[in-house]
Every structure is written in structure tokens, then in C-alpha cells.
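Okay, structure first, notes after.
Read the figures in this text as sums done on the coordinates, not as results from a lab. Keep in mind that this is a model prediction, so the values were computed, not measured. FYI the Cβ positions are ideal-geometry reconstructions off the backbone, even for glycines, and counts take in every protein chain you see.
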Amino acid sequence: MQKLVPLLLDWFATNARDLPWRRTRDPYAIWVSEIMLQQTQVKTVIPFWNRWMKELPTIEAAAKAPSAKIHKLWEGLGYYTRVRNLQKAARVIVTKHGGKFPENFDDVLALPGIGHYTAGAICSIAFNQPTPILDGNVIRVLTRIFGIAKNPKEKETNQLLWQIAEDLVSRAKNTKEAKAEFTSQPSQPSRDITSCSHLNQSLMELGALVCSPRNPQCPVCPVKNLCVAFKENRVEELPNLGKREAATARRFVAFVIERNGKFLVRQRPAGVVNAHLWEFPNAEINGAKLDVPQIFKSEFGTELEKISPLCTVKHSITRYRIKLEAFSVPLEKFPTKMAGRWVAARDFDSLAFSSAHKKLASAAAKSILSGR
Ligand code: SF4
């Protein structure tokens, strides 16, 4: 531990990526980045984070923003519960903390959508507190460095990993260099502002850049001389995550229904996956034969007039492998059971669609342009 901390801090000081949220100590900006980074890669997050901070630069702005706006800003990032919780938490900060992001770890942890990892990340990065972090990246790094062979999801092993993460960040706080004044105007990380912030970020960064799940770059790793997995040639075995849950295939059919140049779209209700997002009418057909006219009739209570295949979208969400087959349906008359909003293709951009349905929206817009 004693040797590990300075190695990590030195490596981070010269190898940290220059990311937009690393140029600030604003806890709100750091919080937004941490929520966006859950389940999402850095390069994907950067434009979303820049746009969000430009449109909603303060906690108050996030608290007051209309639901349609926050969903639109999050459109394409997925896992939309994150953005709704972010707004709920912003409202709690406004009403309970006078609009100032709380510095106390328990107050941060009590905010909607913030778990131990995120609270630890915000308190360490924004306030330089010795609060540990443990996510998939950090678990990989620590199980390898310390040669921990047990499954990190098991309670005891998980507690041990949290303990190691806490020891490391506490030692960072206690290093001589870390006692230097914590600047509020950081540029690139450097040793004279070493801190809990940099120790935690060094673990995240090592996991992202060097100690990757496959083909880790051990020969250039700053901690290879201390790493048990490297010394014992067990890198590929760790972390021991047990058997992966098998992927589940799901199949959907979607109807891109057009009448007089407008398309029928619907907003998903609260409490379901992708709540509040817009989509084209669709139905899950797992196991069922793809009888499109029959599905259309049972959905809308009317016979199809005309139909043609539009496109197929394949995507993965958690363990689901989803196939969405979309059909163009031009209509002359309105069926009775057809609820939703009729929208021109040029207005699609004003609505937040889930990623798959955004692809259908562009296919629909192209089909109108090509006069199909
Ligand atoms: Fe990871 Fe290899 Fe570095 Fe060990 S030596 S921490 S396995 S990259």
C-alpha cells in the first residue's frame, strides 16, 4: 500500500487524460459527469456533458428544466432513470441545501440516484475527501494488484475491496505531498496538488487506459512490480466474476405509420423502461410468428391498407439482444384505436427518442424525402 500510492499518483500526474470535467472543481459539473459515465464510455459522454453544461450550467437550472428538455439532452445516452434522478436530486439540493451542493458524504449519498461509488467519487474529486470508490474498473485493478481470487460480488470480498480502496485513498490524504494546499484552479494534475481526488482518479484511469479487461498493458503499467496477478501470471483469470448471465434475444415489430406527411409517435408512460421517451407504435413478438397484418390489427383494430419493410435495428441493452423490425404503413384514413401524436419528419428533432426509435425516425424522414 505504502509503495502503491505514490506510484499511482506519479503516474496519474503525467498520464491523466485532459477531460473537460477535470478542468473544474465544481461539484455539480463533476456529479453530472459521474452520472453520465455510469455504463457509458468517456468518448461518448464528452459531447453530452458539454451540451448539458452549456444548456443547464447550474443546479438551479437543472432543477427547473422541463422534463422534455432533460430527456432531449440525454437522448442517446440510455438508462434514462439516471437523468430523472439527477433532476430529482437537483430539486432536493435547491429545497434542502439552498442550491449549494452538499459537502457531507452522508448528505451526498442521500440524494436520489447517488450510490456509494458516485458519492465517493464526487466527495473525493470535488472536495478532496478520503472517500473510497469501487466500480467495475477499480474492482479489476484491485483484484489484479492484490491477487484476489474470490468473486468480488461476494459480500466478504466486496467488503475487503472497499476496505482496500479506503486504505489507499486515506494514505493519499496522509502523504506529505497531499498536505500541500488543495487548489481550486487545477490545470493538469501534478504532484504538488496530489490528493484523494487524484488517487481515486488514478485507479479509474489505470483501469480505463492500462489495466483493461482484455489485453492489459502490463509491460508499461506503473505498478507492475507490485502486481500479484502480473507476477504470478494470473492476469487473465482476474477478476473472477463467475459465470455470465446468458444473453436473451427479444424481437419487436414497429409501425412507422404515415398520413398526409405526418407520422404517428407515442410517448412512453412513467414507470417503464425508457419512460417519457418517444417511439413509433410497436409490439414485442417473442416466440410468435411474424404475422404483421395480424399484429397491426390487434394493435389498432383495423386492417392494413399497404405495408412495406422499412429497416431492421439491432441493439443490446444489458443482457438483452434486441431486434426491431420496422414497417412503413401509409394510411388514408384514421383507425379508431390509434392514440398518439402526429408529427412531421422535420419536427422529430424536437422530441427525445430512444436510440433504436431515433434510427427509425431518420429512416422515416429519408423515406419521405425519397418520396417512397
Ligand atoms: Fe493490471 Fe497488468 Fe498493471 Fe497488474 S500489471 S495492474 S494486471 S495492467
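Beta-bridge orientation, the chain: approximately 60 percent antiparallel, per DSSP, counting only bridges with both partners inside. Quick check on segment 52-123: take the gyration tensor over C-alpha atoms, sort the square-rooted eigenvalues as a ≥ b ≥ c, and tell me if it's rounded (a/c under 1.5), prolate or oblate. Taking the square roots of the gyration eigenvalues as a ≥ b ≥ c, segment 52-123 is oblate.
Taking every C-alpha pair closer than 8 Å and separated by at least 6 residues, the mean separation divided by the residue count of the chain gives a relative contact order of 17 percent.
Listed by chain and number, the aspartates and glutamates placed with their C-alpha closer than 12 angstrom to that of LYS150 are GLU237; residues fewer than eight positions away on the same chain are left out.
Computed over segment 248-369, relative contact order equals 35 percent, with contacts defined as Cα pairs under 8 Å that lie 6+ residues apart. Each label was represented as a point 7 Å from its Cα along the Cα-to-Cβ direction; for ALA249 and ALA283 these points are 2.1 nm apart. What is the antiparallel percent of DSSP beta bridges lying wholly in segment 217-372, to the nearest 5? Percentage antiparallel, nearest 5: 60. Which helices count as membrane-span-like in the chain under these terms: full DSSP H, at least 18 Å along the axis by C-alpha, Kyte-Doolittle mean of 0.0 or more? Once both thresholds are applied, what remains is 196-209, 355-369.
Using a 10 Å cut-off around each Cβ, can you sort TRP342, TRP49 from fewest to most neighbouring Cβ atoms?
The most exposed by this proxy come first: TRP342, TRP49.
Relative to one another, the C-alpha centroids of segment 82-117 and segment 1-25 are positioned 26 Å apart. On a straight-distance basis, which aspartates and glutamates could pair with LYS358 in a cross-link, Cα separation under 13 angstrom, same-chain partners fewer than 8 positions away excluded? The qualifying aspartates and glutamates are GLU75, GLU279, ASP347, ASP349.
Binning all Cα-Cα separations of segment 42-91 at 5 Å, short to long from zero, yields these whole-percent fractions: 5, 22, 34, 28, 10, 1. Considered as an equivalent ellipsoid built on the Cα gyration tensor, the chain has semi-axes of 46, 25, 17 Å, the largest given first. Greater than 23 Å separation of Cα atoms is the criterion. Which listed pairs, LYS69/LYS366; LYS243/LYS314; LYS262/LYS306; LYS153/LYS314; LYS262/LYS366; LYS64/LYS100, meet it? Beyond 23 Å: LYS69/LYS366; LYS243/LYS314; LYS153/LYS314. With neighbour counts taken as other beta-carbon atoms within 10 Å, the residues VAL343, VAL169 rank, fewest first, as VAL343, VAL169.
Estimated from helical segments only, the mean residue ellipticity of the chain at 222 nm is -13000 deg cm²/dmol, where each DSSP H run of four or more residues counts as -39500 (n - 2.57).
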